[in-house]
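For reference, the structure discussed in these notes is given below.
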Amino acid sequence: MTAPSTETDVVVLGLGIHGAAASLELARRGLSVIGVEQFAPGHSRGSSHGATRMIRRAYPNAVWNELVSRAYDGWERWAEIAGESFYTATTGLYAHRGSGTMQGGRSRPVGSAEVAELMPSVSFPQGYEAVFDLDAGVLKAEKALAFAHRAAQEHGAELRFGERVEAWSTDGGGVTVTTSGGSIRASRLVLAGGAWAPKLMPRYAEQFEVWRIVTLSARPGQEVGQPPQLGSFSVDLPEGLVFGVPAIGQAGAKVGIDAGLVWDPEVPVAEPTQAEVSRLAALFESFVPGIDLTGAEAVACLYTMTPDKRFVVGALPGEPGVIAAAACSGHGFKFGPAIGAAVADLVQGVPRPDLDFVSPERWEAA
Ligand SMILES: Cc1cc2nc3c(=O)[nH]c(=O)nc-3n(C[C@H](O)[C@H](O)[C@H](O)COP(=O)(O)OP(=O)(O)OC[C@H]3O[C@@H](n4cnc5c(N)ncnc54)[C@H](O)[C@@H]3O)c2cc1C
């Protein structure tokens, strides 16, 4: 048994998709990395568990376009390293009331007749318009997260599961991190703590709200629920945006809604209730008529929302050597490899003005 290292270049707090991606990218660039995760690999207490996630180029605001491109490039990079792709192109349709704003990539507005041609299984409410995204698809999330952990370790990162970061202190020379397993001295600390962000960044606690989100997955193997019949989709209802991810491999098609109870991540995420499942089943059947929900599975997970639905990626003001990587608001997974590369750039002092729109500095100015 080798004693845990107590000195390293970078400590990464949290090994969800963003901490795992940062650990991998930093280790690939030759830095020594210790990743510290309080739970076991693949646990279901945070935001990165579950078989699939949607990826899309269509975004509500052009400010995202560069990071979205870097996201697609990042999944290609991971496919080269892994020798397999985690991305399956399925196309996407995003339905909205009134003047929608989805733009980016090759996305374009389409009329209801074309919707039926492009995605025969989907049915949008009367009066809704849609935007078609040729590059939208599905990410094999569980596989990608396991790959990132494995590849980070293969590149020399030390990943510690079941160990919690209790505190840290910064000084001119670096950061001292105290964990439930001992103390670590590092030149940089990356905070990729997901729903624990308000606790880890108390200065900005007001800016975060953690939501418990429920999804419902149908049995796999249903033609109506998979490409080419069904691709990724969303419908912006008054009560929240409904998102749909088609079936891929052994993962059935699923729906969820961007609305949920405010949750304290220290409390294990409560199982979905019958009422929540019935509500989602009704939405699923209305947007994908013909889907069979016998044996469907409901799962709960956490979003870490910010008021502008933008991430928090950048040097933490007033904390030299500490870099925040809290990228969620319900749409962060697709950016995993890109956030990993962004964090590595910031650690190495590579200027990234393109990240100003997600920098915590924006809250200093406010
Ligand atoms: C239901 C649902 C559907 C989603 N769908 C999509 C989608 O289709 N497309 C998309 O792009 N995104 C989607 N997202 C969002 C995406 O999954 C998240 O943005 C992403 O997983 C966040 O990853 P993370 O690494 O920041 O957080 P997490 O995965 O939560 O990782 C943070 C980790 O930090 C650990 N941690 C916290 N504090 C400490 C400490 N003190 N010491 C040690 N460890 C600590 C936690 O245990 C946790 O494992 C969805 C999210 C949910 C919940």
Quiz item: Residues in the stretch 66-78: is at least one more than 30 Å from residue 156 (Cα to Cα), without any contact (Cβ under 8 Å) to a residue 60 or more places away in the chain and under 19 Å from the mean Cα position of the chain (by Cα)?
Solution: no
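Return yes when residue 253 is more than 28 Å from residue 60 (Cβ to Cβ) and aliphatic (A, V, I, L, M) and no when it is not.
On the way: more than 28 Å from residue 60 (Cβ to Cβ): no; aliphatic (A, V, I, L, M): yes.
The answer is no for residue 253.
So in the stretch 244-259, with the set limited to residues that are outside any strand (DSSP E or B) and of a type in the set (Gly, Ala, Ser), which one is nearest to residue 304 (Cα to Cα)? Break it down stepwise before answering.
Step one: list which residues in the stretch 244-259 are outside any strand (DSSP E or B), which gives 246-247, 249-250, 252-253, 258-259.
With the extra rule that they be of a type in the set (Gly, Ala, Ser), the set shrinks to 247, 249, 252-253, 259.
On the way: 247: 26, 249: 29, 252: 25, 253: 24, 259: 12 Å.
My answer is 259.
In this structure, does residue 148 turn out to be open to solvent by less than 30 Å² (accessible area, probe 1.4 Å) and assigned to a helix (DSSP H, G or I)? If you could, list the steps in order and put the result at the bottom.
Working: open to solvent by less than 30 Å² (accessible area, probe 1.4 Å): yes; assigned to a helix (DSSP H, G or I): yes.
It is true that residue 148 is open to solvent by less than 30 Å² (accessible area, probe 1.4 Å) and assigned to a helix (DSSP H, G or I).
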Practice problem: Identify the single condition in (1) open to solvent by 20 Å² or more (accessible area, probe 1.4 Å); (2) near the ligand (Cβ under 10 Å from one of its atoms) that residue 181 does not satisfy, given that it satisfies every other one. | Solution: (2)
Self-check item: Residue selected from the stretch 5-59 under the condition closer than 18 Å to residue 146 by Cβ and of a type in the set (D, E, K, R), by the criterion surrounded by the most Cβ atoms within 10 Å (Cβ to Cβ)
Solution: 25
Quiz item: Filtering the stretch 306-328 down to residues that are farther than 22 Å from residue 232 by Cα and within 12 Å of the ligand (Cβ to nearest atom), which residue is surrounded by the fewest Cβ atoms within 10 Å (Cβ to Cβ)?
Solution: 306
Quiz prompt | Filter result (in contact with a Phe, Trp or Tyr (Cβ under 7 Å, 6 or more places away or on another chain) and more than 14 Å from the ligand (Cβ to nearest atom)) within the stretch 69-78 | solution = 78
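What's the total number of residues in the stretch 52-68 that are in contact with an Asp or Glu (Cβ under 6 Å, 6 or more places away or on another chain) and either in a strand (DSSP E or B) or within 11 Å of the ligand (Cβ to nearest atom) (or both)? Working first, answer last.
Of the stretch 52-68, the ones in contact with an Asp or Glu (Cβ under 6 Å, 6 or more places away or on another chain) are 56-58, 66.
Pick out the ones that are also either in a strand (DSSP E or B) or within 11 Å of the ligand (Cβ to nearest atom) (or both) and you get 56.
Residues that pass the stated criteria total 1.
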Quiz item: Scanning for something in the same structural domain as residue 352 (by TED's automatic domain parsing) and of a type in the set (A, V, I, L, M), does the stretch 4-11 turn up at least one residue?
Solution: yes
Quiz prompt | Sole exception among (1) without any contact (Cβ under 8 Å) to a residue 40 or more places away in the chain; (2) part of a loop (DSSP other than H, G, I, E, B); (3) open to solvent by 60 Å² or more (accessible area, probe 1.4 Å) for residue 331, by number | solution = (3)
Quiz item: Before we move on, is residue 101 open to solvent by less than 50 Å² (accessible area, probe 1.4 Å) and hydroxyl-bearing (Ser, Thr, Tyr)?
Solution: no
Quiz item: In the stretch 160-178, how many are open to solvent by less than 20 Å² (accessible area, probe 1.4 Å) and not in a strand (DSSP E or B)?
Solution: 0
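Taking only the stretch 196-245 into account, find how many residues are more than 9 Å from the ligand (Cβ to nearest atom) and of a type in the set (Ser, Thr, Tyr).
The total comes to 3.
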Quiz prompt | Residue match in the stretch 231-243 (condition: part of a helix (DSSP H, G or I) and open to solvent by less than 60 Å² (accessible area, probe 1.4 Å)) | solution = no
Quiz item: Between residues in the stretch 289-314 that are of a type in the set (Asp, Glu) and residues that are more than 11 Å from the ligand (Cβ to nearest atom) and open to solvent by less than 30 Å² (accessible area, probe 1.4 Å), which pairs lie under 8 Å by C-beta distance while being six or more apart or on different chains?
Solution: 292/218; 292/222; 297/252
Quiz item: What's the number of the condition residue 109 fails, among (1) under 16 Å from residue 59 (Cα atoms); (2) outside any strand (DSSP E or B); (3) in contact with a Gly (Cβ under 8 Å, 6 or more places away or on another chain); (4) not aromatic (Phe, Trp, Tyr)?
Solution: (2)
Quiz item: Looking at 85, 99, which one is part of a loop (DSSP other than H, G, I, E, B), of a type outside the set (Lys, Arg) and in the same structural domain as residue 267 (by TED's automatic domain parsing)?
Solution: 99
Quiz item: Going by the conditions given, is residue 198 outside any strand (DSSP E or B), touching a helix residue (DSSP H, G or I) at 6+ places or on another chain (Cβ under 8 Å) and surrounded by 14 or more Cβ atoms within 10 Å (Cβ to Cβ)?
Solution: yes
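The values are calculated or read from the model by the stated rules, or taken from the named source; none is laboratory data. From a predicted model like this one, the values you see are computed outputs, not experimental measurements. Backbone-built Cβ (ideal geometry, glycine too); neighbour counts: all protein chains shown. Accessible surface areas use protein heavy atoms only, side chains included; no ligands, DNA or RNA. Shrake-Rupley method; radii C 1.70, N 1.55, O 1.52, S 1.80 Å.
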